[in-house]
Amino acid sequence: MHPRALLDSCAELVGLALKFDHPADQVVSRYFREHRELGPRERATLAETVYTVLRKKLLFDHMSPSGSGPKERRMAILGFHGPRDFLKSALSDIEKRWLDQCDAVKSEDLLERHRHNLPEWLVAPLKAQLGEGFWPLVQSLQQPAPLDLRVNALTDKRPDVQKELGLAGIPAAPTPFSPWGLRVDGKPALARLDAFARGAVEVQDEGSQLLALLLDAKRGEMVVDFCAGAGGKTLAIGATMRNTGRLYAFDTSAHRLDALKPRLARSKLSNVHPAAIAHERDERIKRLAGKIDRVLVDAPCSGLGTLRRNPDLKWRQSPKAIEELIAKQAAILQSAARLVKPGGRLVYATCSVLPEENEAIAEAFGAAHPDFEVLDVAPLLGALKVAGPENLCAGGDAGARYLRLWPHRHSTDGFFAAVWQKK
């Protein structure tokens, strides 16, 4: 594709994404559906350009007024993902000079907000939690996330799949914490691989794999994935149950559960029962009260732990939206807890980095439910053969009480989990 035409496409797509009408990944995939003529390399350039603009929006907003031409074109030039000489062959002389000036700006001369590119309401809670670690986090959020795969423990062994991927020209390394994970460089076309087609691997962030691991579901148990969504954790849990017992995948969105069906077929699991529920107090849930061995609540949350993948979230979320989520999280956890039988396990998890969606919800639940005993996560992970479990935890009074994963520390998305046992 000619450099000018590619830059025009980038500008058009950047303009659509910056409207924030829909999540960026939906905007990008819709654009690709409407432009079938784009090859894989052009698609990669377009997608990464959009995501770079979303990651560095405050900086580019600051630089773009000194340029000329439509704003989305200036933003696309600043965020262009590809060789500089290729980009410059699409620019006018004025644009080239302007880009050189922008490239010459040193990051230490910028205001703090143009270096961190985060909304102010998010900066304070991150600095409060991380102190010196705030800037390493910022650095990690500016990078795309690696691609993590989960090997289907029911059908395959990790070393075998690693070797198979290597033979297909896809180098993969074992993830440092999850015993099921393989980390892949770049964005290979997985759908064409036999390992993917036969259900030997699924795409799943290592942090998400650890949440399924923490539930520690056993053969023959009754288990509920309370907010199953598209079912990444459901499939991991079904494999740990060795395809025995019953695993209910509940979600209020039938549309999300539909995305689970093809994955479920590939996985060879027959113990999973997906069911759309009206709300967290649905009749189906009342019928199962006090009967379930293990319940995972992967609660709807701000998603701010996934900013490497979804950088638009920082501009689409707001403190008001998060307040509404917090009320929902507390209600869902409360309802899910009713399912757990005496001696059973309850796990509450989010992919958020905000204490009010994480520790605050867990502490309030614990205070209101003396019949649930909080379990320290580090020993649980240690018993599951996870390396260095104490490095994955953040303390309440009892030290390493909760799972707390960070992109800059663990190379995973930002995750939280609390675990209780019903007395």
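The values are calculated or read from the model by the stated rules, or taken from the named source; none is laboratory data. Since the model is a prediction, treat every value here as computed from it, not as a measurement. No Cβ is skipped: glycine too gets one built from the backbone with ideal geometry, and neighbour counts run over all protein chains shown. SASA here: full protein model, heavy atoms, side chains in, ligands and nucleic acids out. Shrake-Rupley method; radii C 1.70, N 1.55, O 1.52, S 1.80 Å.
With respect to the conditions (1) modelled with pLDDT of 95 or more; (2) in contact with a Pro (Cβ under 7 Å, 6 or more places away or on another chain), D185 lacks only one, and its number is (1). The selection criterion, being in contact with a Lys or Arg (Cβ under 8 Å, 6 or more places away or on another chain) and open to solvent by less than 80 Å² (accessible area, probe 1.4 Å), holds for L122. Within the bounds of segment 387-398, is there any residue that is of a type outside the set (A, V, I, L, M, F, W, C) and modelled with pLDDT of 95 or more? Within segment 387-398, not a single residue is of a type outside the set (A, V, I, L, M, F, W, C) and modelled with pLDDT of 95 or more. Can S107 be described as modelled with pLDDT of 95 or more and among the hydroxyl-bearing types (S, T, Y)? Spelling it out, it is not the case that S107 is modelled with pLDDT of 95 or more and among the hydroxyl-bearing types (S, T, Y). Taking segment 280-299 as the range and being within 26 Å of C351 (Cβ to Cβ) and of a type in the set (K, R) as the test, the residues that pass are R281, R284, R294. Taking the condition of being open to solvent by less than 20 Å² (accessible area, probe 1.4 Å) and either β-branched (V, I, T) or farther than 25 Å from Y51 by Cα (or both), how many residues in segment 151-174 meet it? The number of residues fulfilling the criteria is 5. The C-beta contact set for segment 38-53 (first residue acidic (D, E), second residue open to solvent by less than 30 Å² (accessible area, probe 1.4 Å) and in a helix (DSSP H, G or I), distance under 7 angstrom, 6+ apart or interchain) comprises E42/L6.
In segment 14-33, the residue that is nearest to P311 (Cα to Cα) out of those that are aliphatic (A, V, I, L, M) and in contact (Cβ under 8 Å) with a residue 40 or more places away in the chain is A24.
Of everything in segment 218-227 that is in a strand (DSSP E or B) and touching a Gly at 6+ places or on another chain (Cβ under 7 Å), the residue that is farthest from S208 (Cα to Cα) is M222. Just one of (1) at pLDDT 95 or above; (2) open to solvent by 20 Å² or more (accessible area, probe 1.4 Å); (3) within 20 Å of the chain's Cα centre (by Cα); (4) under 25 Å from A330 (Cβ atoms) fails for V203. It is (4). I'm trying to understand the selection: among the residues of segment 251-302, which are closer than 22 Å to D216 by Cβ, among the polar types (S, T, N, Q) and either open to solvent by 40 Å² or more (accessible area, probe 1.4 Å) or part of a loop (DSSP other than H, G, I, E, B) (or both)? Hits for segment 251-302 are S270, N271.
For segment 362-392, residues that are surrounded by 19 or more Cβ atoms within 10 Å (Cβ to Cβ), closer than 26 Å to Q317 by Cβ and without any contact (Cβ under 8 Å) to a residue 60 or more places away in the chain total 2. Any idea which residue in segment 228-250 is most open to solvent (accessible area, probe 1.4 Å), counting only those that are in contact with a Gly (Cβ under 7 Å, 6 or more places away or on another chain) and either part of a helix (DSSP H, G or I) or closer than 18 Å to R284 by Cβ (or both)? The selected residue is G245.
I'd like to know if segment 134-143 contains one or more residues that are in contact (Cβ under 8 Å) with a residue 60 or more places away in the chain, over 21 Å from G186 (Cβ atoms) and either surrounded by 14 or more Cβ atoms within 10 Å (Cβ to Cβ) or charged (D, E, K, R) (or both).
Checked segment 134-143: at least one residue is in contact (Cβ under 8 Å) with a residue 60 or more places away in the chain, over 21 Å from G186 (Cβ atoms) and either surrounded by 14 or more Cβ atoms within 10 Å (Cβ to Cβ) or charged (D, E, K, R) (or both).
Of the residues examined, E37 is one that is in a loop (DSSP other than H, G, I, E, B), out of contact with any Pro (no Cβ under 7 Å at 6 or more places or on another chain) and open to solvent by 70 Å² or more (accessible area, probe 1.4 Å).
A quick yes/no check of all residues on (1) under 16 Å from the mean Cα position of the chain (by Cα); (2) modelled with pLDDT under 95; (3) on the phi > 0 side of the Ramachandran plot:
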residue	(1), (2), (3)
A217	no, no, no
V223	no, no, no
G232	yes, no, no
G238	no, no, no
R242	no, no, yes
Y248	no, no, no
D251	no, no, no
H255	no, yes, no
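Among the residues of this structure, S140 does not count as one that is of a type in the set (S, T, Y), in contact with a helix residue (DSSP H, G or I) (Cβ under 9 Å, 6 or more places away or on another chain) and either over 25 Å from F60 (Cβ atoms) or at pLDDT below 95 (or both). Within segment 175-194, the set of residues being buried (at least 20 other Cβ atoms within 10 Å of the Cβ) and free of Cβ contacts under 8 Å to residues at least 40 places away in the same chain comprises T175, G181, L182. Under the condition of being in a loop (DSSP other than H, G, I, E, B) and within 22 Å of R308 (Cβ to Cβ), the residues counted in segment 40-94 number 4.
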